[in-house]
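Novice: Mind having a look at this structure? Questions to follow.
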Amino acid sequence: MPRITVTVDGVGYEEEVEPRLLLVHLLRDTLGKTGTPIGCDTTNCGACTVLMDGKSVKSCSVLAVQADGSEITTVEGLSANGVWHPMQRAFHEEHALQCGFCTPGMIIAAIDLVRTDPDPDDATIREGLEGNLCRCTGYCNIVRAVRRGAQEMGVNTP
Amino acid sequence: MTEQLTREPATGEVGRARRRKEDARLITGRTQWTDNIHLPGMLHVAFLRSPMAHAKILRVDTSAARGLPGVVAVYSGEDFAAEQGSLPCAWPVSDDCVIPEHPPMAVSRVRYPGEAVACVVATDRYRAADALEAIEVDYEPLPAVLDMTGALTDAAPKVHESGNKAFTWKFAGGDIDAALQDAPVVVERTYVQQRLIPSAMEPRAVVATTDGDSFTLYSATQIPHILRVMAALTTGIPEHKLRVIAPDVGGGFGSKLQVTAEEILALLITRRLGRPVKWTESRSEGNLTVHHGRDQLQRITVAADRDGRLRGLKVDLLADMGAYLMLVTPGVPVLGAFMYNAIYKMDAYDFTCTGVFTTKMPTDAYRGAGRPEATFAIERIMDELAAELGLDPLDLRRRNWIAHEEFPYTTIAGLTYDSGNYEAATAKAMELFGYEELRAEQAARREAGDPVQLGIGVSTYTEMCGLAPSRVLGALAYSAGGWEHASVRMLPTGAVEVVTGTSPHGQGHVTSWSQIVADALGVPFEAVTVLHGDTAVSHKGMDTYGSRSLVVGGVAVLRACEKVKEKARRLAAHMLEAAAEDIEFDAGSFRVKGTSAAKSIQELAFAAFAAHNLPDGFEPRLDADATFDPENFSYPHGTHLCAVEVDTETGMSKIRSYVAVDDVGNVVNPLIVEGQVHGGLAQGIAQALYEEAVYDGEGNLLTTTMADYLLPTALDLPDFITDRTETPATTNPLGVKGVGEAGTIASTPAVVNAIVDALRPYGVTDVRMPCTPERVWRAIHGSSS
């Protein structure tokens, strides 16, 4: 079996994996990083979105072997020393989650969106999050949260 | 009776837009979804599912699969036949209701695509899936039964030996023949409620484990308490040996109000193997086998006088049950029966529903469960009647709705609406919407022959929720009650532990219940914890569905607080050497009237714990249980207005603005209420524009993935304008009404009414849902879809 090295939320791992193992199953089943959930099997829902070397990917459509040598950030790795990431705080403040199942992927996708557009307007946010489905909120509060998160990231992130 | 909303800031916790306690773990990934649970020695289950809609099972050969690496066991339906029982239906709505045997795993016949025929138990999920391919099944295909009308003909192939009719259920109020006879205006329509897939974001998952004596079932369920009773009855595991836990649950919308084959089979497998087992569904399995929603054919006739006054309403419904009756399958259209008359006064109402078996996934509760269907049909036909009479649709509604001074009002369907103010909600919605201005713009666009036409859709809805008075449920032949239970315990340090029988899966009960308790006991919001979703912790409950949690469960919490307070008052009187009636309670302090002598509730909690100085006969505890059975349903209402731009050249419909003014009585947390409305709107709009479960001519489900079944994305929905009026409910001490389903119930007809309104100059009187560009284009150009 192939051997891979991967850093997840700042911790290095060396694992032997089946070539067919999906990154999301490596995270959840092998490494116990269950903060990243799985909502579908066709790359539509985006619940499993993580950052791979700083860019968002749907971890159900990446093989673990493709992640060899890369750095993965999941929702579990966003807060530091108990302080939430501005985007996490914004989701809380704007009531942008209900059941919370889509939230890890939504927050990660939003952070990646702000990376490419630090001051997105509502239309840009809606377009940017098109690959992430939410069944609870109707998206209004998510759009507000991303706008707020982007503003706070601009202030608080160098 | 009715009050206008006052916008004064809340002085207590109730009414405040508290940010949710639930969020912290959800936004940091410290969640416990069922699929996250890993137990030592745990095995993984994968199911082999029927590729056919209807077939005899001739042979299932599992021998090749048994020898594969990592495979611990392989079972077919034959292996479970003696012990698997029949999946329960708790709502045999009528005396003629046929409840066919529903084996969790098919033994000799499959009746819908996706029905489980075998399973593999293996050391990991990949090996379990691999081994499925080594199982051989021989089927003898039987004809699929897909069309309800056809299914009821004598020549139709039978889904069950007894035939394809599940039941007939009737209701009559007033003299419908007299109302229809010589009515100046009669409008008749047939509406199609397409089949929907609820699509909670968390797929179902089950973990079952046993120590050889007792069993624990973790499940992504809305109903741990009901599931425990039903699973015990189905499997023969004694109820007291079965614990059911609903950990974090990622949405339900009714789809997790079920006792599923996989839950029962997981228990049977762990009983056989003595090891923990897990099953997690894939989304494509879920689209096939999570119960579906809606799927009704509605023939509706309305009779009116020339001035628009309603005389009578007749509804003839065919409801697709799918292949079996699941937990509340037949009850869904029956709940709808009480809502077709909606907010309107009329002389007579006649309702008939026939439940029909087909070779499709069973239907069951999906957000609104019967009331969205009813509301759609009446609100659509009110617009048709308005067009027939040349009246503004709101004007027609005004001529027929129950005036606010007429509450409480007993409707033609026999329900007593306790409170409401349709005038106020409508006035506010019209103002926010700019109704007159948009009507002027519509006229101008029509005049100019603009290829993009503007339509205005109206929906003045009410609904019955807060399920429900147990007596009424009994009268409707439902097998259980509708009460809810709560425990409130003062802990020695002054913190408060609340146990609720409701089972939240996104609704924020922990936050809202904390607000109720904080006010009732005068303790800090932060000092309250709420436990739920585990039958070993919450021993009594009726769970979460039907917009019941606040109006039944929240009231139970309040009642338990009142009992705690009375005990505390007695203890305070004893400690302060005063009479109990001389003790007054304010903001957590029990004070002797007219003095400064007082004990805080925290001091009393510790005093009860230490038990050094209690009144004679006073048990050393400051806690109480309460079980609340509501006296009536809850009747939220509101007015929704939707403006849609329809491109007559492409058939594309775009929502330009959407205003929802809802009246859900008093509000505990406006943030959570708004969130519920937003989410409800999204699902109702999705039925109008996007979603449909489609079976092909052979009975195969075509929409098995999220690429085929179109859930709305952020790009597909507008920014909603929401507001409220507050007419308190008079049937519970909080004055609250249910909110979970209101948005879904109201919005579907608002959107379709807007599309049809845009196209009325083109002779269009209906567009079948979902109103795709193709269907709209064909409606404009006179070719049916």
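Novice: Just give me the residues in the stretch A:30-50 being facing another protein chain (nearest Cβ under 7 Å) and over 16 Å from residue A:103 (Cα atoms), in sequence order.
Specialist: A:41, A:42, listed by residue number.
Novice: Kindly provide the set of residues from the stretch B:237-253 that are crowded, with 24+ Cβ neighbours inside 10 Å and either away from every other protein chain (no Cβ under 11 Å) or in contact with a Pro (Cβ under 6 Å, 6 or more places away or on another chain) (or both), ordered by number. Walk me through how you get there before you give the answer.
Specialist: Residues of the stretch B:237-253 that are crowded, with 24+ Cβ neighbours inside 10 Å, as a first pass: B:244, B:246, B:249-253.
Across the stretch B:237-253, the qualifying residues are B:244, B:246, B:253.
Novice: Answer yes or no as to whether residue A:51 is in contact (Cβ under 8 Å) with a residue 40 or more places away in the chain and assigned to a helix (DSSP H, G or I).
Specialist: Details: in contact (Cβ under 8 Å) with a residue 40 or more places away in the chain: yes; assigned to a helix (DSSP H, G or I): no.
No; evaluated as a whole, the condition is false for this residue.
Novice: Determine if the stretch A:64-71 includes at least one residue that is within 11 Å of chain B (Cβ to nearest Cβ), closer than 30 Å to residue A:30 by Cα, of a type outside the set (Ser, Thr, Tyr) and surrounded by fewer than 24 Cβ atoms within 10 Å (Cβ to Cβ).
Specialist: Quick first cut of the stretch A:64-71, residues within 11 Å of chain B (Cβ to nearest Cβ) only: none.
The answer is no, given that none of the residues of the stretch A:64-71 is within 11 Å of chain B (Cβ to nearest Cβ), closer than 30 Å to residue A:30 by Cα, of a type outside the set (Ser, Thr, Tyr) and surrounded by fewer than 24 Cβ atoms within 10 Å (Cβ to Cβ).
Novice: Just give me the residues in the stretch B:655-671 being within 11 Å of another protein chain (Cβ to nearest Cβ) and closer than 21 Å to residue B:12 by Cβ, in sequence order. Give the steps one after another, and end with the answer.
Specialist: So in the stretch B:655-671, the residues within 11 Å of another protein chain (Cβ to nearest Cβ) come out as B:658, B:660, B:669-671.
Selection gives B:669, B:670, B:671.
Novice: Being under 30 Å from residue B:685 (Cβ atoms), touching a Leu at 6+ places or on another chain (Cβ under 7 Å) and in contact (Cβ under 8 Å) with a residue 60 or more places away in the chain is true for just one of B:221, B:260. Which residue is that? Give the steps one after another, and end with the answer.
Specialist: Working: B:260 fails: touching a Leu at 6+ places or on another chain (Cβ under 7 Å).
Selected residue: B:221, the only one of B:221, B:260 that is under 30 Å from residue B:685 (Cβ atoms), touching a Leu at 6+ places or on another chain (Cβ under 7 Å) and in contact (Cβ under 8 Å) with a residue 60 or more places away in the chain.
Novice: Has the stretch B:79-89 got at least one residue that is hydroxyl-bearing (Ser, Thr, Tyr) and touching a Gly at 6+ places or on another chain (Cβ under 7 Å)? Walk me through how you get there before you give the answer.
Specialist: First, the residues of the stretch B:79-89 that are hydroxyl-bearing (Ser, Thr, Tyr): B:86.
Next cut, touching a Gly at 6+ places or on another chain (Cβ under 7 Å) only: none.
For the stretch B:79-89, residues hydroxyl-bearing (Ser, Thr, Tyr) and touching a Gly at 6+ places or on another chain (Cβ under 7 Å): absent.
Novice: Among the candidates B:514, B:470, which residue alone is over 20 Å from residue B:742 (Cβ atoms) and surrounded by fewer than 18 Cβ atoms within 10 Å (Cβ to Cβ)? Even if it seems obvious, please write down each step before you answer.
Specialist: Details: B:514 fails: surrounded by fewer than 18 Cβ atoms within 10 Å (Cβ to Cβ).
Answer to the check: B:470.
Novice: Turning to a different aspect of this structure: State yes or no: is residue B:311 touching a strand residue (DSSP E or B) at 6+ places or on another chain (Cβ under 8 Å) and either at pLDDT 95 or above or not hydrophobic (A, V, I, L, M, F, W, C) (or both)? Walk me through how you get there before you give the answer.
Specialist: Values: touching a strand residue (DSSP E or B) at 6+ places or on another chain (Cβ under 8 Å): yes; either at pLDDT 95 or above or not hydrophobic (A, V, I, L, M, F, W, C) (or both): yes.
Answer is yes for this residue.
Novice: Here is a check on your reading of the model: is residue B:170 part of a loop (DSSP other than H, G, I, E, B) and at pLDDT 95 or above? Don't jump to the end; show me each part of the working.
Specialist: On the way: part of a loop (DSSP other than H, G, I, E, B): no; at pLDDT 95 or above: yes.
The answer is no for residue B:170.
Novice: Looking at B:585, B:609, which is the one that is within 26 Å of residue B:665 (Cβ to Cβ) and among the hydrophobic types (A, V, I, L, M, F, W, C)?
Specialist: The conditions single out B:585.
Novice: With respect to the numbered conditions (1) at pLDDT 95 or above; (2) in a loop (DSSP other than H, G, I, E, B), which one is the sole condition not fulfilled by residue B:7?
Specialist: Residue B:7 satisfies all of (1) at pLDDT 95 or above; (2) in a loop (DSSP other than H, G, I, E, B) except (1).
Residues checked against (1) within 13 Å of the chain's Cα centre (by Cα); (2) facing chain B (nearest Cβ under 7 Å); (3) outside any loop (DSSP other than H, G, I, E, B):
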| residue | (1), (2), (3) |
| --- | --- |
| A:88 | yes, yes, yes |
| A:92 | no, yes, yes |
| A:109 | yes, no, yes |
| A:118 | no, no, no |
| A:135 | no, yes, no |
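Novice: If we scan the stretch B:358-367, do we find a residue that is of a type outside the set (Asp, Glu), assigned to a loop (DSSP other than H, G, I, E, B), in contact (Cβ under 8 Å) with a residue 12 or more places away in the chain and farther than 30 Å from residue B:290 by Cβ? Explain how you work it out, then say what you get.
Specialist: If we filter the stretch B:358-367 for residues that are of a type outside the set (Asp, Glu), which is where we start, we get B:358-363, B:365-367.
Now drop any that are not assigned to a loop (DSSP other than H, G, I, E, B), which leaves B:358-362, B:365-367.
After this cut, where a residue has to be in contact (Cβ under 8 Å) with a residue 12 or more places away in the chain as well, the list is B:358-362, B:365-367.
Next, from what is left, pick out any that are farther than 30 Å from residue B:290 by Cβ: none.
Checked the stretch B:358-367: no residue is of a type outside the set (Asp, Glu), assigned to a loop (DSSP other than H, G, I, E, B), in contact (Cβ under 8 Å) with a residue 12 or more places away in the chain and farther than 30 Å from residue B:290 by Cβ.
Novice: Considering only residues that are closer than 25 Å to residue B:433 by Cβ and either more than 14 Å from chain A (Cβ to nearest Cβ) or of a type in the set (Gly, Ala, Ser) (or both), which ones fall in the stretch B:729-747?
Specialist: Our first condition is that a residue be closer than 25 Å to residue B:433 by Cβ; within the stretch B:729-747, this holds for B:737-747.
The answer is B:737, B:738, B:740, B:742, B:743, B:745, B:746, B:747.
Novice: Within the stretch B:273-305, take every residue that is out of contact with any helix residue (DSSP H, G or I) (no Cβ under 7 Å at 6 or more places or on another chain) and among the charged types (D, E, K, R) and give me the one that is surrounded by the most Cβ atoms within 10 Å (Cβ to Cβ).
Specialist: So in the stretch B:273-305, the residues out of contact with any helix residue (DSSP H, G or I) (no Cβ under 7 Å at 6 or more places or on another chain) come out as B:273-275, B:278, B:281-293, B:295, B:299, B:301, B:305.
Remaining after also requiring among the charged types (D, E, K, R): B:275, B:278, B:281, B:283, B:285, B:295, B:299, B:305.
Numbers: B:275: 18, B:278: 24, B:281: 22, B:283: 24, B:285: 21, B:295: 27, B:299: 15, B:305: 13.
Per the stated criteria, the residue is B:295.
Novice: Do we find a residue being surrounded by 23 or more Cβ atoms within 10 Å (Cβ to Cβ), under 24 Å from residue B:635 (Cα atoms) and at pLDDT 95 or above anywhere in the stretch B:525-541?
Specialist: Yes, that holds for at least one residue.
Novice: Does residue B:118 satisfy the criteria of being outside any loop (DSSP other than H, G, I, E, B), in contact with a Leu (Cβ under 6 Å, 6 or more places away or on another chain) and among the small types (Gly, Ala, Ser)?
Specialist: Values: outside any loop (DSSP other than H, G, I, E, B): yes; in contact with a Leu (Cβ under 6 Å, 6 or more places away or on another chain): yes; among the small types (Gly, Ala, Ser): yes.
Taking the combined requirement at face value, the residue satisfies it.
Novice: Could you please find all residues in the stretch A:2-29 being more than 10 Å from chain B (Cβ to nearest Cβ) and either acidic (Asp, Glu) or not in a strand (DSSP E or B) (or both)? So that I can check it myself, show each step before the final result.
Specialist: Let us first name the residues in the stretch A:2-29 that are more than 10 Å from chain B (Cβ to nearest Cβ), namely A:2-8, A:10-17, A:19, A:23-24, A:26-27.
Within the stretch A:2-29, A:2, A:10, A:14, A:15, A:16, A:17, A:19, A:23, A:24, A:26, A:27 meet the criteria.
Novice: Just checking, which of B:645, B:649, B:674 is within 14 Å of another protein chain (Cβ to nearest Cβ) and either within 23 Å of the chain's Cα centre (by Cα) or of a type in the set (D, E, K, R) (or both)?
Specialist: Working: B:645 fails: within 14 Å of another protein chain (Cβ to nearest Cβ); B:649 fails: within 14 Å of another protein chain (Cβ to nearest Cβ).
That would be B:674, the only listed residue that is within 14 Å of another protein chain (Cβ to nearest Cβ) and either within 23 Å of the chain's Cα centre (by Cα) or of a type in the set (D, E, K, R) (or both).
Novice: Now for a different question. For the stretch B:628-654, enumerate the residues that are more than 23 Å from residue B:556 (Cβ to Cβ) and buried (at least 24 other Cβ atoms within 10 Å of the Cβ). Step through it out loud before you land on a result.
Specialist: Applying the first criterion (more than 23 Å from residue B:556 (Cβ to Cβ)) to the stretch B:628-654 yields B:637-654.
Of everything in the stretch B:628-654, those that are more than 23 Å from residue B:556 (Cβ to Cβ) and buried (at least 24 other Cβ atoms within 10 Å of the Cβ) turn out to be B:637, B:638, B:639, B:640, B:641, B:642, B:643, B:644, B:646, B:653.
Novice: If you check B:16, B:59, which single one turns out to be away from chain A (no Cβ under 14 Å) and modelled with pLDDT of 95 or more? Steps first, answer last, please.
Specialist: Working: B:16 fails: away from chain A (no Cβ under 14 Å).
That would be B:59, the only listed residue that is away from chain A (no Cβ under 14 Å) and modelled with pLDDT of 95 or more.
Novice: Same structure, new question: State which residue pairs qualify: first residue facing another protein chain (nearest Cβ under 7 Å) and of a type in the set (S, T, N, Q) and inside the stretch B:22-43, second residue assigned to a helix (DSSP H, G or I) and surrounded by 24 or more Cβ atoms within 10 Å (Cβ to Cβ) in any location, beta carbons under 8 Å apart, and separation of 6 or more residues or different chains.
Specialist: Qualifying pairs under 8 Å: B:28/A:75; B:28/A:88.
Novice: Checking the structure you have, find out if any residue of the stretch B:226-236 is within 19 Å of residue B:363 (Cα to Cα) and outside any helix (DSSP H, G or I).
Specialist: No, because not a single residue in the stretch B:226-236 is within 19 Å of residue B:363 (Cα to Cα) and outside any helix (DSSP H, G or I).
Novice: Right, next: Out of curiosity, is residue B:315 in a helix (DSSP H, G or I) and within 30 Å of residue B:699 (Cα to Cα)? Working first, answer last.
Specialist: Values: in a helix (DSSP H, G or I): no; within 30 Å of residue B:699 (Cα to Cα): yes.
The answer is no for residue B:315.
Novice: Pick from A:155, A:114: which is away from every other protein chain (no Cβ under 11 Å), under 18 Å from residue A:57 (Cα atoms) and of a type in the set (A, V, I, L, M)?
Specialist: Details: A:155 fails: under 18 Å from residue A:57 (Cα atoms).
Result: A:114 is the single residue among A:155, A:114 that is away from every other protein chain (no Cβ under 11 Å), under 18 Å from residue A:57 (Cα atoms) and of a type in the set (A, V, I, L, M).
Novice: Would you call residue B:307 of a type in the set (D, E, K, R) and outside any strand (DSSP E or B)? I'd like the intermediate steps shown before the answer.
Specialist: Working: of a type in the set (D, E, K, R): yes; outside any strand (DSSP E or B): yes.
Yes, satisfied.
Novice: Could you please let me know if residue A:131 is within 11 Å of chain B (Cβ to nearest Cβ) and touching a residue at least 24 places away in the same chain (Cβ under 8 Å)?
Specialist: Values: within 11 Å of chain B (Cβ to nearest Cβ): yes; touching a residue at least 24 places away in the same chain (Cβ under 8 Å): yes.
Spelling it out, residue A:131 is indeed within 11 Å of chain B (Cβ to nearest Cβ) and touching a residue at least 24 places away in the same chain (Cβ under 8 Å).
Novice: Let me confirm something: among B:149, B:168, which residue is surrounded by fewer than 19 Cβ atoms within 10 Å (Cβ to Cβ) and in contact with a Ser or Thr (Cβ under 6 Å, 6 or more places away or on another chain)? So that I can check it myself, show each step before the final result.
Specialist: On the way: B:149 fails: in contact with a Ser or Thr (Cβ under 6 Å, 6 or more places away or on another chain).
Of the residues listed, the single one that is surrounded by fewer than 19 Cβ atoms within 10 Å (Cβ to Cβ) and in contact with a Ser or Thr (Cβ under 6 Å, 6 or more places away or on another chain) is B:168.
The values are calculated or read from the model by the stated rules, or taken from the named source; none is laboratory data. As the structure is a prediction and not an experimental result, all values here were calculated from the model. Note: ideal-geometry Cβ built from the backbone for every residue, glycine included; neighbour counts use all protein chains shown.
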